[in-house]
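Since the structure comes first, as structure tokens, the remarks are kept for the end.
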Amino acid sequence: MGAGRGAGGAGEPRGDPGIERLIMRILFFAHLKNVTGQAELEWPNSPPLKTPDLWDRLTREWPALAVHRQATRLACNGEYTMGDEVFHPGDEIALIPPVSGG
Amino acid sequence: MRVEVQLTAEPIVPCRLIEPDHAGRAGACVEFTGVVRGEEKEQRIAALEYEAYPDMARRVMQALLARLGQRHRCLSARVIHRVGIIPVGEAAIWLGITASHRREAFALLAEFMDQLKQEVPIWKTRSIPFEAQRPHQS
């Protein structure tokens with residue numbers, strides 16, 4: 001699947017205008033929800049985060065997430081990321097464990 | 001190719017393939033229904049629970065069908081994926097494809113199902129054991 005990013009320009013906040021621009025939302029699905037005990041969280045006033053910084057912050061808070069990192073893909077604003085990414089306030093970031101639909 | 005994608009928490013009712021092809025171009029109408037089996041990991045089950053990241057799941061399915069439609073020239077594709085608790089024997093997914101010839105329709109269907117299981121953010125999150133569905137006995 002193509003993994004281009006649609007919203008926003010480099011270095012600019014993306015997402016909805018207003019206060020939403022200041023919040024980075026993180027979504028957890030399937031068994032990752034059990035690991036974190038929640039479906040989503042918000043990081044207000046987060047600085048831009050590179051992919052490794054995001055994982056560092058997540059695994060500091062939930063060390064048990066670390067074992068899932070290898071198999072987990074990231075999506076930003078509904079599109080898969082390619083690996084190295086910079087996440088901005090206003091982005092919706094999803095941790096996508098291996099899928100099993102159908 | 002005309003594409004329609006739907007996520008629903010309601011039972012999937014087998015439906016007509018998109019719309020009648022009044023132009024008479026369709027020579028093949030292919031349907032696939034993915035049904036919840038009564039066994040999961042060698043355990044008898046009553047139902048499976050599915051979860052989706054809805055907006056992204058719809059978007060990825062749309063993009064996937066559009067991409068596959070470039071390679072396999074079909075006329076239309078319609079997908080309905082159910083989420084929530086789905087009892088054994090009921091449909092988790094229904095896919096209907098029309099094409100001028102059967103070969104393209106079968107090819108698109110097979111590739112879509114393979115790709116769906118790799119790309120589309122939908123998960124089987126829980127098996128509900130058969131015993132859990134029995135009335136409680138005191």
- Task: Tell me, yes or no, whether segment A:7-26 has at least one residue that is in contact with a Leu (Cβ under 7 Å, 6 or more places away or on another chain) and modelled with pLDDT of 95 or more.
- Result: yes
- Conditions (1) farther than 13 Å from B:F112 by Cβ; (2) within 14 Å of chain A (Cβ to nearest Cβ): number failed by B:L68: (1)
- Query: Is there a residue being under 23 Å from B:R2 (Cα atoms), aliphatic (A, V, I, L, M) and within 14 Å of chain A (Cβ to nearest Cβ) anywhere in segment B:99-111?
  - Reply: yes
- Query: Is at least one residue of segment B:118-128 buried (at least 21 other Cβ atoms within 10 Å of the Cβ), in a strand (DSSP E or B) and either away from chain A (no Cβ under 14 Å) or not small (G, A, S) (or both)?
  - Reply: yes
- Query: If you take just the strands (runs of 3 or more DSSP E) that sit entirely in segment B:1-106, which of them hold at least 2 residues that are touching a residue at least 24 places away in the same chain (Cβ under 8 Å) and buried (at least 20 other Cβ atoms within 10 Å of the Cβ)?
  - Reply: B:43-52, B:74-82, B:91-99
- Qualifying positions in segment B:19-62 - within 14 Å of chain A (Cβ to nearest Cβ) and among the polar types (S, T, N, Q): B:T33, B:Q62
- Query: Scanning for something among the hydroxyl-bearing types (S, T, Y), closer than 30 Å to B:V35 by Cβ and over 12 Å from the mean Cα position of the chain (by Cα), does segment A:51-63 turn up at least one residue?
  - Reply: no
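The values are calculated or read from the model by the stated rules, or taken from the named source; none is laboratory data. Note that the structure is predicted; figures quoted are calculated from it, not measured. All Cβ positions, glycine included, derive from the backbone under ideal geometry; neighbour counts span all protein chains shown.
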